[in-house]
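Comments concern the structure below.
A short reminder: the numbers here are calculations on the coordinates, not readings from a lab. Remember, it's a predicted structure, so these values are computed and weren't measured experimentally. Virtual Cβ from ideal backbone geometry, glycine too; neighbours counted across all protein chains shown.
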Amino acid sequence: MKKPWILIGIIVLIAGAGIAYKTMRQTTPPAKQVTVKDIGKRADDLPPPIERRENQKVVVELETKEVIAELAPGVTYEYWTYNGTVPGPFIRVKEGDTVEIRLRHLHEGHQGAAESNHSFAIDTFPIKAVNAHGPDEAADSHEAEEHKKAGHAKHSIDLHAVEGPGGGAVLTQTAPGETHAFQFKALRPGLYVYHCASPHIPTHVANGMFGLILVEPKEGLARVDREYYVMQCELYTKGKLGEKGHQEFSLEKLQAERPEYFVFNGRVGALTGDHALKAKVGETIRIFFGVGPHIAANFHVIGGVLDKLYPEGDIVSPPHRNVQTTIVPPGGAMMTEFKLEVPGKYLLVDHSLSRAIDKGALGEIIVEGPDQPEIFKKVE
């Protein structure tokens, strides 16, 4: 008598599994067509050291763009960017320069729907209440309304090097199709973060709107052989780590600070393979490093020691020496200089190692040159 009931139970289990599988397939959207080939800013894509001695006016042109790009193999994501990469452009000026920032909100049609991202904390944030440009003419258009629903009706820029309200954000709240500009004097040498400061600010930053600005001291920086630009960020996807298809942004995970990915320069593998940092044995490498979003980084080079470390973006005080690992806070930056005396492949990691090994915060430094057995060799 038990056999029919067993048979019925098996049928129910199979049917339930089929429904669950169908539901899972329906809720996992396929990867989208990418609109940029590579979201990751190349680490060697930065302006050269400033040679001039006199001050001048520097004009920086920035465009805000929402793009679809590959976050990891088989995984796409909608990034919000300055000039189409993560991080945005490396801005380099000299102490005493007058800097004009021109921000254009380029909007070619919204690619996807981020979650509603308003909260009490953001609704009361003072920047939201400031409109330096009068009525928003675009607010009545359907396009602008859809943009607003996605949480990015406007973009802006807050540069930590600026001394003035909002770091420039109060003057650059820019709606789709608009361009706004402001200027400031670069008074203090240092390495500073910049980021979007339009509501919901954490969402804008988490989706890729950040970069670094270097204010070189009047006497300039010491010459080195190689310079690189690296920023760490975390990404909050609705799907789990490694889940294929197009991943939407998760506000819930952002607010809980539970990211699925930690990456350098916008995506998994952005600083590996053909995009790895490169040097020769004994060359001095300088890395400008910052953290965009919300979780501190633990910067470490496996197999190397940081000869000089300039923490907290302070590039004029005497450096720390012979540092193994350094913590860089959200919205913070550091500069380091070091040599690698033995050829081979070195790994640049967040030394909270699950972030590197499992979640993506891993890069490569390829060093070429003759072997150095007096420093490093295998013993038979």
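A DSSP coil position with no more than 13 other Cβ atoms inside 10 Å describes the following trypsin sites (Lys or Arg not before Pro) in segment 42-110: R52, R53. Loop-resident GluC sites (Glu not before Pro) (DSSP state other than H, G, I, E or B) in segment 206-292 with no more than 13 further Cβ atoms inside 10 Å of their Cβ: E219, E257.
Each other residue within a Cβ distance under 10 Å of P189 adds +1 if Lys or Arg and -1 if Asp or Glu, for a net charge of -1. Charge tally for I315 (other residues, Cβ to Cβ under 11 Å; Lys, Arg +1; Asp, Glu -1): -2.
Taking 7 Å steps out from each Cα toward its Cβ at E341 and K280 produces label points 1.9 nm apart. Taking a Cβ cut-off of under 13 Å around I302, the surrounding Lys, Arg, Asp and Glu residues balance to a net charge of -1, with basic ones at +1 and acidic ones at -1. In a DSSP loop and with at most 15 other Cβ atoms within 10 Å, the trypsin sites (Lys or Arg not before Pro) in segment 324-380 are K377, K378.
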